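Data first, discussion second: the structure below is written as structure tokens.
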Amino acid sequence: MENSFHYMLMASHMELQKRGFAQLKDTDLTLGQPKILDYLMQKDGVSQREIARCCHIEPASATTILGGMEQKGLIVRKPAEKDRRTIRVMLTAKGRKWGARVQAIFDQIEQELKGEIPPAEWDAFLIIFKRVYEHLT
């Protein structure tokens, strides 16, 4: 079992989260918030629906997570100008600061991993991993 794909994927994900959260322990970020901060750093001002879809979470979960982020002053939610039914989510200055920190932490972890694996193997791994993802989606 420990050499199966699903086990290695799950275990790797959990270890990545533990490492990341260990460096964020002085914040009050909860599970799911770093992923959304990271996404908004790339695509600020998107709809809640897009956040849920791109972060692979249920819309109801996104609403809950975003509510917590709004209470912490990390985001603001505003109706879109052209369609007031659509809510746009934007980072605050505090959200951008924390988002940059989240990105730096996960970039550092990735660089450490890349340092342990020869570049050709890393590139091949990413190609195969992307294929697996595309097949699953």
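The values are calculated or read from the model by the stated rules, or taken from the named source; none is laboratory data. Just so it is clear, the model here is predicted, and its values are computed rather than measured. Counting neighbours? That spans all protein chains shown, and the Cβs are built from the backbone with ideal geometry, glycine included. Surface accessibility is based on the protein's heavy atoms, side chains included, excluding ligands, DNA and RNA. Shrake-Rupley method; radii C 1.70, N 1.55, O 1.52, S 1.80 Å.
Restricting to region 1-14, what's the tally of residues that are open to solvent by 100 Å² or more (accessible area, probe 1.4 Å) and not polar (S, T, N, Q)? Going through region 1-14 one residue at a time, the tally reaches 5. For region 42-53, the set of residues classified as closer than 22 Å to ALA104 by Cα and open to solvent by 60 Å² or more (accessible area, probe 1.4 Å) consists of GLN42, LYS43, ASP44, listed by residue number.
For region 90-123, residues that are closer than 17 Å to LYS18 by Cα, open to solvent by less than 80 Å² (accessible area, probe 1.4 Å) and of a type in the set (S, T, N, Q) total 1. Would it be correct to say that PHE21 is open to solvent by 60 Å² or more (accessible area, probe 1.4 Å) and among the aromatic types (Phe, Trp, Tyr)? Against the criterion (open to solvent by 60 Å² or more (accessible area, probe 1.4 Å) and among the aromatic types (Phe, Trp, Tyr)), PHE21 does not qualify. Restricted to region 54-74, and to residues there that are within 15 Å of the chain's Cα centre (by Cα) and closer than 18 Å to THR27 by Cβ, the residue that is most open to solvent (accessible area, probe 1.4 Å) is ILE65.
Contact map, region 74-87: residues that are within 13 Å of GLY45 (Cβ to Cβ) paired with residues that are open to solvent by 70 Å² or more (accessible area, probe 1.4 Å) and part of a loop (DSSP other than H, G, I, E, B), Cβ distance under 9 Å, separation 6+ or inter-chain. Pairs shown: PRO79/ARG85. Applying the set (1) touching a helix residue (DSSP H, G or I) at 6+ places or on another chain (Cβ under 7 Å); (2) modelled with pLDDT under 95; (3) not aromatic (Phe, Trp, Tyr) to ARG88 leaves exactly one unmet item: (1). Annotation note: Cβ proximity below 8 Å between a residue of region 31-60 that is within 22 Å of MET14 (Cβ to Cβ) and a residue that is at pLDDT 95 or above and part of a strand (DSSP E or B) (sequence gap 6+ or interchain) occurs for LEU37/LEU91.
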